[in-house]
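Visitor: Quick one: this structure, given as structure tokens, is what I'll be asking you about.
The values are calculated or read from the model by the stated rules, or taken from the named source; none is laboratory data. The structure displayed is predicted, hence computed values, not measured ones. For neighbour counting, all protein chains shown are included, and Cβ atoms are generated from backbone atoms with ideal geometry for every residue, glycine included.
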Protein chains: 2
Amino acid sequence: MNQSINVRQMPNSGAKTSCQYCSLSNLCLPLALDNSDMKKLDDVVNRDRILNRGEQMFTQSAPFRSCFAVKSGAIKTSVITESGEEQITGFFMPGDLVGLDSMSDDTHASTAKALERTSVCEIPVDQLENLAHVMPDLQHHIFHLMSQEIRNSHQLSVLLSKNTAEERIAALLLSLSSRFHRRKLSSTHFSLPMARNDIANFLGLAVETVSRVFTRFQNQGLIRARGRDIELVNIEALQIMALGNPQA
Amino acid sequence: MNQSINVRQMPNSGAKTSCQYCSLSNLCLPLALDNSDMKKLDDVVNRDRILNRGEQMFTQSAPFRSCFAVKSGAIKTSVITESGEEQITGFFMPGDLVGLDSMSDDTHASTAKALERTSVCEIPVDQLENLAHVMPDLQHHIFHLMSQEIRNSHQLSVLLSKNTAEERIAALLLSLSSRFHRRKLSSTHFSLPMARNDIANFLGLAVETVSRVFTRFQNQGLIRARGRDIELVNIEALQIMALGNPQA
DNA sequence: CGGAATTTTGAAATCGGTCAAATGGCGTGG
DNA sequence: CCACGCCATTTGACCGATTTCAAAATTCCG
């Protein structure tokens with residue numbers, strides 16, 4: 001039910017957990033850093049900001065001052081078009097860095113909202129840039145993360161323009177599966193952090209279509225779904241399905 | 001017919017044009033730099049690589065060593081899915097930097113191909129990172145460019161998942177228009193660098209649909225199109241069209 | 001426990017895709 | 001300079017996956 005990741009407590013402290021003692025350090029920004037550099041990063045991080053389900057972390061067009069690392073819970077980001085439509089651009093899980101799409105401007109390019117109770121670490125961008133300047137590994141790592149974000153978005157574009165409803169949903173389930181796996185959680189049995197509505201929006205489908213595909217998958221014995229509780233029964237079949245028409 | 005940008009010649013030289021004397025310096029990487037820094041950048045740039053139409057600048061999965069700045073001509077980038085389908089992820093014009101989506105890996109995340117005769121400047125990434133390390137403005141500028149790339153891709157996602165064929169094509173025409181404008185070319189009369197096929201692929205449509213929409217637009221008096229030669233007759237109407245259903 | 005929100009299910013409508021074929025443009029070579 | 005042939009573009013008719021509209025069923029929380 002709860003796919004958040006427990007944060008190992010610092011031995012002698014009930015206080016905020018430093019990067020060194022955070023179980024996410026192998027996923028998050030500190031990944032690239034040695035101990036002394038991690039300390040410096042540690043100093044600029046504002047820890048333990050808690051968001052309730054539905055609460056916004058930042059909103060599009062608001063002044064851009066910080067990126068956020070997800071500690072537990074889950075975040076969705078979305079852009080609002082001029083015609084008022086929302087497009088979800090990503091789901092962020094513990095260890096992910098949110099807000100990189102805003103680094104080209106002094107205002108946020110998207111809105112970030114908590115999908116459930118979520119705790120985050122805030123990292124002021126000006127300080128992050130300063131650190132990156134003196135720490136080549138950090139600079140490199142940020143380049144890496146931003147580039148990864150571009151790739152993810154390109155993958156989404158492919159999904160949206162080339163794949164059927166079934167293929168998109170299979171791909172999303174597998175993507176979530178592998179992300180849970182990387183976080184040492186079960187890759188076959190998890191709880192969706194987002195509503196059907198969010199899935200539909202993200203994948204460019206109608207909610208009804210998402211619902212129908214879920215039941216179809218269930219009837220075909222590919223998954224077992226009860227509400228947000230999902231079990232991947234036949235991963236291989238899902239993988240084949242996600243690939244789409246294989247004769248292209 | 002030719003929307004390439006002339007490169008101002010260095011007064012006393014028929015040789016390669018340095019960044020200082022390149023008319024694109026206000027669009028390209030040097031944008032962020034003062035004269036002495038520009039010199040250093042200049043030293044690491046391999047100039048005057050020429051690609052013929054259809055020639056590949058780099059291919060997906062090939063070792064990633066350099067980014068490329070477009071000097072004249074036009075480039076398209078695309079990703080190939082596991083099932084062998086191509087999705088064009090961007091069109092790059094003079095002053096644009098190609099290859100940023102590959103900075104998360106040591107292999108290219110996409111393939112880049114020249115749409116017409118194109119000249120580019122090659123910038124080795126390791127040297128670019130070194131320079132960024134000593135030049136905070138350059139680092140900031142690269143963050144900016146990468147973030148912009150994320151935004152662009154998000155915009156594409158919105159287009160693909162929320163907009164009709166007409167809206168997508170109107171949006172593309174307007175986007176090209178503004179990009180030509182920023183390069184001091186006509187924003188109402190230009191030559192498309194890409195084929196209908198590329199437009200269709202980029203926008204997630206069938207070629208036939210693109211063709212139909214073009215003729216529909218022409219009949220409605222929004223544009224005049226003969227082959228790749230495009231004239232935007234009623235920009236306001238196109239803008240309204242690109243917005244999509246305004247009652248959402 | 002109750003009411004609202006989410007999810008599911010059904011039937012009908014549609015936009016864009018697919019298939020097929022005609023037309024047009026352009027470079028090459030005679 | 002023209003004719004050929006190839007490839008890009010256009011046009012037409014039909015089809016199908018997904019959307020839309022409507023309503024029931026279920027779940028979620030306060």
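Visitor: Take the residues in the stretch B:198-221 that are among the polar types (S, T, N, Q) and within 14 Å of chain A (Cβ to nearest Cβ), then tell me which one is farthest from the chain's Cα centre (by Cα). Reasoning before the result, please.
Guide: Initially, the stretch B:198-221 is screened for residues among the polar types (S, T, N, Q), giving B:201, B:209, B:211, B:215, B:218-220.
From what's left, within 14 Å of chain A (Cβ to nearest Cβ): B:201, B:209.
Numbers: B:201: 16, B:209: 23 Å.
The selected residue is B:209.
Visitor: A further question on this structure: What is the one condition in (1) without any contact (Cβ under 8 Å) to a residue 24 or more places away in the chain; (2) within 16 Å of DNA strand D (Cβ to nearest atom); (3) over 21 Å from the mean Cα position of the chain (by Cα) that residue A:236 does not satisfy?
Guide: Tallying (1) without any contact (Cβ under 8 Å) to a residue 24 or more places away in the chain; (2) within 16 Å of DNA strand D (Cβ to nearest atom); (3) over 21 Å from the mean Cα position of the chain (by Cα), residue A:236 fails exactly one: (2).
Visitor: Would you please name the residue that is surrounded by the most Cβ atoms within 10 Å (Cβ to Cβ), looking only at residues in the stretch B:199-212 that are of a type in the set (A, V, I, L, M, F, W, C) and within 12 Å of DNA strand D (Cβ to nearest atom)? Full working, then the answer.
Guide: So the first thing to find is which residues in the stretch B:199-212 are of a type in the set (A, V, I, L, M, F, W, C), and the list is B:199-200, B:202-203, B:205-207, B:210.
Now restrict to residues that are within 12 Å of DNA strand D (Cβ to nearest atom): B:199-200, B:205-207, B:210.
On the way: B:199: 24, B:200: 22, B:205: 21, B:206: 12, B:207: 14, B:210: 22.
Among them, the one singled out is B:199.
Visitor: Among residues belonging to the stretch B:213-227 that are of a type in the set (Lys, Arg) and surrounded by 11 or more Cβ atoms within 10 Å (Cβ to Cβ), point out the one that is farthest from DNA strand D (Cβ to nearest atom).
Guide: Checked the stretch B:213-227; the qualifying residue farthest from DNA strand D (Cβ to nearest atom) is B:224.
Visitor: Could you tell me whether any residue of the stretch B:121-131 is farther than 28 Å from residue A:125 by Cα and either away from chain A (no Cβ under 13 Å) or touching a residue at least 60 places away in the same chain (Cβ under 8 Å) (or both)? Explain how you work it out, then say what you get.
Guide: At the first step, the residues of the stretch B:121-131 found to be farther than 28 Å from residue A:125 by Cα are B:121-122.
Remaining after also requiring either away from chain A (no Cβ under 13 Å) or touching a residue at least 60 places away in the same chain (Cβ under 8 Å) (or both): B:121-122.
Yes: one or more hits.
Visitor: Right, something else. For residues that are crowded, with 23+ Cβ neighbours inside 10 Å and within 16 Å of residue B:155 (Cβ to Cβ), scanning just the stretch A:104-118, find the one that is farthest from the other protein chains (Cβ to nearest Cβ).
Guide: Filtering the stretch A:104-118 for residues that are crowded, with 23+ Cβ neighbours inside 10 Å and within 16 Å of residue B:155 (Cβ to Cβ), the one farthest from the other protein chains (Cβ to nearest Cβ) comes out as A:110.
Visitor: In the stretch A:81-96, what residues are assigned to a strand (DSSP E or B) and under 13 Å from the mean Cα position of the chain (by Cα)? Spell out the reasoning first.
Guide: Just the residues of the stretch A:81-96 that are assigned to a strand (DSSP E or B), to begin with: A:86-92.
Matches in the stretch A:81-96: A:88, A:89, A:90, A:91, A:92.
Visitor: I've got another one for you. Yes or no: residue B:226 basic (Lys, Arg), within 9 Å of DNA strand C (Cβ to nearest atom) and outside the structural domain of residue B:95 (by TED's automatic domain parsing)? Please lay out each step first, then the result.
Guide: Numbers: basic (Lys, Arg): yes; within 9 Å of DNA strand C (Cβ to nearest atom): yes; outside the structural domain of residue B:95 (by TED's automatic domain parsing): yes.
When the stated conditions are applied, residue B:226 passes them.
Visitor: Within the stretch B:146-182, can you find the residues that are hydrophobic (A, V, I, L, M, F, W, C) and more than 7 Å from every other protein chain (Cβ to nearest Cβ)? Before you say what the answer is, go through the steps one by one.
Guide: First pass over the stretch B:146-182, keeping only residues hydrophobic (A, V, I, L, M, F, W, C): B:146, B:150, B:156, B:158-160, B:165, B:169-174, B:176, B:180.
Hits for the stretch B:146-182 are B:159, B:165, B:169, B:170, B:171, B:172, B:173, B:174, B:176, B:180.
Visitor: Just checking, which of B:231, B:149, B:236, B:167 is modelled with pLDDT of 95 or more and in contact with a Lys or Arg (Cβ under 9 Å, 6 or more places away or on another chain)? Let's see the steps before the verdict.
Guide: Details: B:149 fails: in contact with a Lys or Arg (Cβ under 9 Å, 6 or more places away or on another chain); B:236 fails: in contact with a Lys or Arg (Cβ under 9 Å, 6 or more places away or on another chain); B:167 fails: in contact with a Lys or Arg (Cβ under 9 Å, 6 or more places away or on another chain).
So the residue among B:231, B:149, B:236, B:167 that is modelled with pLDDT of 95 or more and in contact with a Lys or Arg (Cβ under 9 Å, 6 or more places away or on another chain) is B:231.
Visitor: Do you know which of the residues in the stretch A:194-210 that are more than 11 Å from DNA strand C (Cβ to nearest atom) and either in contact with a Leu (Cβ under 9 Å, 6 or more places away or on another chain) or free of Cβ contacts under 8 Å to residues at least 12 places away in the same chain (or both) is nearest to residue A:91 (Cα to Cα)? It would help to see each step written out before you state the result.
Guide: In the first step, residues of the stretch A:194-210 are kept if they are more than 11 Å from DNA strand C (Cβ to nearest atom); the result is A:202-205.
Subset that is either in contact with a Leu (Cβ under 9 Å, 6 or more places away or on another chain) or free of Cβ contacts under 8 Å to residues at least 12 places away in the same chain (or both): A:202-204.
On the way: A:202: 9, A:203: 12, A:204: 15 Å.
Within the stretch A:194-210, the match that is nearest to residue A:91 (Cα to Cα) is A:202.
Visitor: Would you mind finding the one in B:138, B:100 that is without any contact (Cβ under 8 Å) to a residue 60 or more places away in the chain, within 11 Å of another protein chain (Cβ to nearest Cβ) and either under 17 Å from residue B:28 (Cβ atoms) or of a type in the set (S, T, N, Q) (or both)? Show your work before the answer.
Guide: Values: B:138 fails: without any contact (Cβ under 8 Å) to a residue 60 or more places away in the chain.
After ruling out the rest, the residue left standing is B:100.
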